[in-house]
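> This is the structure, below, for whatever I ask next.
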Amino acid sequence: MKYLRSISRANSFMVFIIALALLYSCDRKASPQTVDKEKIKIDSIAQVKKAEEEKEKMRPRTAADITLTKELIYDKYTLEDRYKYKDTFRVFQWDKIKERLAYIENFQREHNNYGLVANYKHKNGEAPTVANFKRNAYKRVSDTLGTERYQSAPLYKVGETKVPTIYGRDGSLVKLLSSDTLNMVRIKGLTNIEGEWDIPKRYIKAIGDTASFKHIVVVDVTNQNICALEHKDNNWIIRSMNPSTTGKHNPPYGMETPVGIYLLQEQKPKMFYYADGTTNIAGYAPWASRFTNGAYIHGVPTNDPKAKIIEYSWTLGTTPRSHMCVRNASSHAKFVYDWIKPFSSLVIVIN
C-alpha cells in the first residue's frame, strides 16, 4: 500500500509539473497586444515600401533609366553601334537617344490633351509676320529662333493677339490648355516649342488624350543613320539600324532636315516631286512618311515618274544631299511605312 501511495504521489507530482510547464508555455506565447504590435510593424514596413515604390514610379525618368534591347525586325543593310566611315568612325548616339526617349516617357506620364501644330504648304493660311523678323539665306521670313514663317503657325504671347512673337513649326506636338473650338487656343509646347502660347484654332489639330507614342524613328543628321525603336514592357527595343541621307543646306531649294521631335502626319506610297524651280514632276520617292513641312522619310528617289522602285543607292549613309527629306533603302522605307502610323508615332531628329 505504501508503494502504491508513493506511485500516486509521484503521478500527482508529475501532473503538477506538466501543468506548471503548460502554464509557463502559455505565458511565453505572445499576447494579443504583442501580435497586434507585430502586425502593425509589418503593415508599416509594407506601407513604407509601397510609398517608396510610388515615389520611384513618379520620379522623372532620365537617360540612365532607359534600357535598350536589340531585337531587329528589319535586318538588311544593318549597321553596327560603331562603324567605320572613310578614315573615321560613325556611331549611333545611344546616350543622346536615351535622353530624348526619357523626355518622351516623362510627358506621356502626364494627363495631356494632345494637339498638333499643322500648316503644311500653308494649307491653313500663311502665318502673319512676327514682330522681330529677319530673312534667312533662303530669303524667307523667320523668327528670332530661326524658325521660318513658311509652313509654320503664329504663336502669340498669352493674352496678346495683335502681333505673333515666334513661329511654331509644322509637326510640333503640344498640350491643349483650352478648348480647340475657341478662336485662340491656349497651348503648352511639348516638342520644339517652349512655354505657353495662344494660337489661332485653324493651325491646331486635336489628337485627344488617349494617344500613346510607342513607335519612334530616330534620324541622326551628323552620322547619317536612322533607327527604329519600339516601347514594350517598360523597355525600348531597337527594331532597325540603317544608313540614311538627310537634307543639305543648299539655297534656294535644298534645306537641312530640322532637328527636333515631330509627330508623323501622313503617308504616301509614292511621293512625286517637282524639278527645282518648276511645277514639272521629275520623279518620285517610294514609301514616304511625312513628319514636318515637306520632310519625308522615304526610299531612294527616281529620276523618272514612271521608273521602277530603286532599292539602294551608294550615297546612303554618306553626306547630306536631299532637299530636307530622309532617304533610306526603299525596303527600309517600306518597313517604316508599314510599322509606324500617323498621329501615334514620333520622329526624332538629332545632330
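> Residues that are buried (at least 18 other Cβ atoms within 10 Å of the Cβ) and either part of a loop (DSSP other than H, G, I, E, B) or touching a His at 6+ places or on another chain (Cβ under 6 Å) (or both): does the stretch 94-110 have at least one?
no
> Which of the residues that make up the stretch 293-321 are farther than 14 Å from Gln224 by Cβ and free of Cβ contacts under 8 Å to residues at least 24 places away in the same chain?
Passing the criteria: Thr302, Asn303, Asp304, Lys306, Lys308, Ile309, Ile310, Glu311.
> Looking only at the stretch 41-69, filter to residues that are within 26 Å of the chain's Cα centre (by Cα) and open to solvent by 100 Å² or more (accessible area, probe 1.4 Å); which one of those is modelled with the highest pLDDT?
This residue is Met58.
Residue-by-condition table, conditions (1) closer than 23 Å to Ser212 by Cα; (2) among the charged types (D, E, K, R):
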position: Gln108; (1), (2): yes, no
position: Leu116; (1), (2): yes, no
position: Lys121; (1), (2): no, yes
position: Glu148; (1), (2): no, yes
position: Tyr156; (1), (2): no, no
position: Val174; (1), (2): yes, no
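> If you don't mind, another one. Which of the residues spanning the stretch 78-88 are in contact with a strand residue (DSSP E or B) (Cβ under 7 Å, 6 or more places away or on another chain) and either open to solvent by 100 Å² or more (accessible area, probe 1.4 Å) or assigned to a helix (DSSP H, G or I) (or both)?
Arg82
> Of all residues being assigned to a loop (DSSP other than H, G, I, E, B) and open to solvent by 20 Å² or more (accessible area, probe 1.4 Å) in the stretch 191-204, which is nearest to Thr69 (Cα to Cα)? Just the residue, please.
The qualifying residue nearest to Thr69 (Cα to Cα) is Asn192.
Every residue, every condition in (1) in a strand (DSSP E or B); (2) crowded, with 18+ Cβ neighbours inside 10 Å; (3) among the β-branched types (Val, Ile, Thr), yes or no:
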| position | (1), (2), (3) |
| --- | --- |
| Tyr167 | yes, yes, no |
| Val174 | yes, yes, yes |
| Ile187 | yes, yes, yes |
| Ala206 | yes, no, no |
| Ser212 | no, no, no |
| Val218 | yes, yes, yes |
| Thr222 | no, no, yes |
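> Of the conditions (1) at pLDDT below 95; (2) in contact with a Pro (Cβ under 8 Å, 6 or more places away or on another chain), Asp276 fails just one. Which one is it?
That leaves (2) as the condition not met.
> Condition first: of a type in the set (D, E, K, R) and farther than 16 Å from Tyr253 by Cα. Now tell me which residues in the stretch 125-148 satisfy that.
Glu126, Lys134, Asp143
> Show the residue pairs meeting these rules: Cβ distance below 8 Å; 6+ apart or different chains; first residue within the stretch 194-205 and within 18 Å of Tyr150 (Cα to Cα); second residue outside any loop (DSSP other than H, G, I, E, B) and at pLDDT below 95.
Short answer, once both residue conditions are applied: none.
> Name the residues in the stretch 142-165 that are open to solvent by 40 Å² or more (accessible area, probe 1.4 Å) and either among the aliphatic types (A, V, I, L, M) or not in a loop (DSSP other than H, G, I, E, B) (or both), would you?
Leu145, Val158, Val163
> May I ask you to say which residue of Glu160, Glu126, Glu196 is under 28 Å from Arg100 (Cα atoms), of a type in the set (D, E, K, R) and out of contact with any Phe, Trp or Tyr (no Cβ under 7 Å at 6 or more places or on another chain)?
Criteria check complete, one pass: Glu196.
The values are calculated or read from the model by the stated rules, or taken from the named source; none is laboratory data. Model, not experiment: these values are computed from the prediction. Note: ideal-geometry Cβ built from the backbone for every residue, glycine included; neighbour counts use all protein chains shown. Areas reflect the complete protein model, heavy atoms only, side chains present, ligands, DNA and RNA absent. Shrake-Rupley method; radii C 1.70, N 1.55, O 1.52, S 1.80 Å.
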